[in-house]
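Enquirer: I am attaching a structure below and will ask some questions about it afterwards.
The values are calculated or read from the model by the stated rules, or taken from the named source; none is laboratory data. Note that the coordinates shown come from a computational prediction; the quantities given were computed from them, not determined experimentally. Every residue, glycine among them, receives a Cβ derived from its backbone with ideal geometry; neighbour counts consider all protein chains shown.
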Amino acid sequence: MDSALHATDPSPGRSRVLVADDEDDIRDLVCVAVRKAGCDVVRSVNDGAEALVAARTDLPDLAVLDVSMPGATGLEICTALREDPVTTGIRILLLSAGASPDEVARGLSAGADAYLAKPFTVAGLVSQVRALTVGVPA
């Protein structure tokens, strides 16, 4: 699905969120949860390489990244964002079907702020998004 269908013009005072997942249904659900959390989706993409470009050009407050995507994994994007002084402050929430303690530890050591296992509930994702965007300057 085209990212233009999911993106919205950011509202003043609302956190800006990048959504990246290669599964259309999951990406749609994440966009719904982001909006329910009171944030704006600045870009919604289905490829890791595109997500990295979007993070660098749109500079969102939060990036919600699937761990397993074509182009680049969520872990690779997370590491790249943390190594770049321009994007190091973007908060990162990783989503993954793999949620063993080792997988969660790998995600957090790559620089993620939080890790949420799939399947997740919309309420759980809304709560995570709110927690990660509280106090983000408008």
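Enquirer: Say we look at region 128-137 and pick out the residues that are among the β-branched types (Val, Ile, Thr) and assigned to a loop (DSSP other than H, G, I, E, B); which of these is surrounded by the most Cβ atoms within 10 Å (Cβ to Cβ)? I'd like the intermediate steps shown before the answer.
Expert: Here is the first cut: in region 128-137, the residues among the β-branched types (Val, Ile, Thr) are 129, 133-134, 136.
Next, from what is left, pick out any that are assigned to a loop (DSSP other than H, G, I, E, B): 134, 136.
Values: VAL134: 8, VAL136: 16.
Per the criteria, the residue is VAL136.
Enquirer: Is at least one residue of region 80-91 under 16 Å from the mean Cα position of the chain (by Cα), crowded, with 18+ Cβ neighbours inside 10 Å and at pLDDT below 95?
Expert: no
Conditions (1) more than 23 Å from ARG106 (Cα to Cα); (2) touching a residue at least 60 places away in the same chain (Cβ under 8 Å), marked per residue:
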site	(1), (2)
ALA33	yes, yes
ASP40	yes, no
SER44	yes, no
GLY48	no, no
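Enquirer: From the list ALA97, ALA131, ALA114, ALA105, exactly one residue is under 16 Å from the mean Cα position of the chain (by Cα) and over 30 Å from GLY13 (Cβ atoms). Which is it? Steps first, please.
Expert: Numbers: ALA131 fails: over 30 Å from GLY13 (Cβ atoms); ALA114 fails: over 30 Å from GLY13 (Cβ atoms); ALA105 fails: under 16 Å from the mean Cα position of the chain (by Cα).
Matching residue, one of ALA97, ALA131, ALA114, ALA105: ALA97.
Enquirer: Being assigned to a helix (DSSP H, G or I) and touching a strand residue (DSSP E or B) at 6+ places or on another chain (Cβ under 8 Å) is the filter here, so list the residues in region 107-127 that pass it.
Expert: The initial filter retains those residues of region 107-127 that are assigned to a helix (DSSP H, G or I), namely 107-109, 122-127.
GLY107, LEU108, GLY124, LEU125 - these are the residues of region 107-127 that are assigned to a helix (DSSP H, G or I) and touching a strand residue (DSSP E or B) at 6+ places or on another chain (Cβ under 8 Å).
Enquirer: Can you find, within region 5-48, the residue that is surrounded by the fewest Cβ atoms within 10 Å (Cβ to Cβ) among those that are outside any helix (DSSP H, G or I), at pLDDT 95 or above and basic (Lys, Arg)?
Expert: Ranking the candidates gives ARG43 first.
Enquirer: Restricting the search to region 109-127, which residues are surrounded by 14 or more Cβ atoms within 10 Å (Cβ to Cβ) and closer than 21 Å to MET69 by Cα?
Expert: ALA110, GLY111, ALA112, ASP113, ALA114, TYR115, LEU116, ALA117, LYS118, PHE120, LEU125, listed by residue number.
Enquirer: Sticking with this one: Return the only residue of LEU65, LEU75, LEU116, LEU132 being under 15 Å from VAL45 (Cβ atoms) and of a type outside the set (Ser, Thr, Tyr). Full working, then the answer.
Expert: Working: LEU75 fails: under 15 Å from VAL45 (Cβ atoms); LEU116 fails: under 15 Å from VAL45 (Cβ atoms); LEU132 fails: under 15 Å from VAL45 (Cβ atoms).
Result: LEU65 is the single residue among LEU65, LEU75, LEU116, LEU132 that is under 15 Å from VAL45 (Cβ atoms) and of a type outside the set (Ser, Thr, Tyr).
Enquirer: Here's another thing I want to ask about it. Here's a check for you: in region 48-73, which residue that is over 12 Å from the mean Cα position of the chain (by Cα) and among the acidic types (Asp, Glu) is farthest from ALA117 (Cα to Cα)?
Expert: That would be ASP58.
Enquirer: Taking only region 74-106 into account, find how many residues are closer than 18 Å to ILE26 by Cβ, out of contact with any Leu (no Cβ under 9 Å at 6 or more places or on another chain) and either in a loop (DSSP other than H, G, I, E, B) or β-branched (Val, Ile, Thr) (or both).
Expert: 2
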